[in-house]
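Structure, as structure tokens:
The values are calculated or read from the model by the stated rules, or taken from the named source; none is laboratory data. A quick note: this is a predicted structure, and the numbers were derived from the prediction, not measured. Cβ: placed from backbone, ideal geometry, glycine included. Neighbour counts: every protein chain shown.
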């Protein structure tokens, strides 16, 4: 792997960031076949598409709709609008939901953690509506927020009419959009506290409801730690799943498989193909000093060593040798005092002369501000020469 570090001087103090979800295609893979109507397989870190079939066709996605609801839940959790220990009331509407459910009691409170677990593990419609009402006041208001988020994420083939995925003619998505939603969801660390649960129970007080994960791959597929199933007569059998092995995390989606067994076979087959034929190699290691420095003004030192704020992995076919270049783009006007971890620029990774990734470059040392006596020492030193 060829690495070239060059300094690119810029005239502005702010550097543009790489746009999220700018997908690159690895090329059609004739060795992979999927029987479902639509399918999508992509690398999590780079968004490189390994396989796609009818990936933008608008189709009903059943309970995979809940992926967007869960994104909103975890965003609100991160923002501090509720805590997992909060008691959430269950309305008559929520308690009366049909379809997949955990049989919540209306007019009873449940911990938010139990409701979120019920959505992720058991695909519970009653828990979904209860959380929607708690966070937005009504399911309709929650659906509006889901559609606003779709616009923000540029999900061009997605429209929601409810938060559960129950059939409605005006509700649809596509395999590519579902993959984006799942990528966003697994970016929340709290999600993994629930996504790998295989069996559990919901405590109603005087009774309990046993639940089992609808995503069988979390138990039977190596590295699978998240995903969401879906099924209605209109949607067929659907599945979005993610798995990680080593530095490589893949996302696989199928829509409208003929049987439940087939959806799991399609997704696991796609993941198998991805892991067998592709790999993620470290291009930039978090915290490791680069062979360049950043200039510092008004400090006791005029420059600092820099490192990447996060790892960058280059995803590519195992049998391919990539040309990788690394550029450091310094911020202008960086002044002391400077602390370890402060941003001093950006590191840009190029693969085959195309921008591949962009991460913050940070100082790996502290620099104190130059004081009056430091300037006096400099003058005295200059006179002594």
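Data overview
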read-out: Residue 341 modelled with pLDDT of 95 or more and in a strand (DSSP E or B); value: no
read-out: Complete set of residues in region 293-323 that are in contact with a strand residue (DSSP E or B) (Cβ under 6 Å, 6 or more places away or on another chain) and farther than 22 Å from residue 357 by Cα; value: 295, 296, 297, 298, 299, 301, 303, 304
read-out: Residues of region 219-247 that turn out to be surrounded by fewer than 20 Cβ atoms within 10 Å (Cβ to Cβ) and closer than 30 Å to residue 315 by Cβ, as a count; value: 10
read-out: So residue 253, is it outside the structural domain of residue 70 (by TED's automatic domain parsing) and either crowded, with 24+ Cβ neighbours inside 10 Å or at positive phi (or both); value: no
read-out: Some residue of region 173-185 being under 21 Å from residue 88 (Cα atoms), in the same structural domain as residue 63 (by TED's automatic domain parsing) and either in contact (Cβ under 8 Å) with a residue 60 or more places away in the chain or more than 18 Å from the chain's Cα centre (by Cα) (or both); value: no
read-out: Pairs where the first residue, in region 334-358, is on the phi > 0 side of the Ramachandran plot and the second is assigned to a loop (DSSP other than H, G, I, E, B) and surrounded by 13 or more Cβ atoms within 10 Å (Cβ to Cβ), C-beta under 6 Å, 6+ apart; value: 345/331
read-out: Any hit, region 280-296, residues being over 28 Å from residue 313 (Cβ atoms) and either in contact (Cβ under 8 Å) with a residue 24 or more places away in the chain or over 22 Å from the mean Cα position of the chain (by Cα) (or both); value: yes
read-out: Evaluation of residue 37 against (1) more than 23 Å from the chain's Cα centre (by Cα); (2) at pLDDT below 95 (one fails), failing number; value: (2)
read-out: Residue within region 154-162 that is within 18 Å of the chain's Cα centre (by Cα) and surrounded by fewer than 17 Cβ atoms within 10 Å (Cβ to Cβ) present; value: yes
read-out: Filter result (in contact with a strand residue (DSSP E or B) (Cβ under 7 Å, 6 or more places away or on another chain) and either within 15 Å of residue 37 (Cα to Cα) or assigned by TED's automatic domain parsing to the domain that holds residue 317 (or both)) within region 261-275; value: 262, 263, 264, 266, 267, 270
read-out: Some residue of region 210-221 being touching a residue at least 60 places away in the same chain (Cβ under 8 Å) and under 21 Å from residue 78 (Cβ atoms); value: no
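Residue-wise test of (1) without any contact (Cβ under 8 Å) to a residue 24 or more places away in the chain; (2) on the phi > 0 side of the Ramachandran plot; (3) within 21 Å of the chain's Cα centre (by Cα).
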| site | (1), (2), (3) |
| --- | --- |
| 58 | no, no, no |
| 66 | no, no, yes |
| 78 | no, no, yes |
| 89 | no, no, no |
| 92 | yes, no, no |
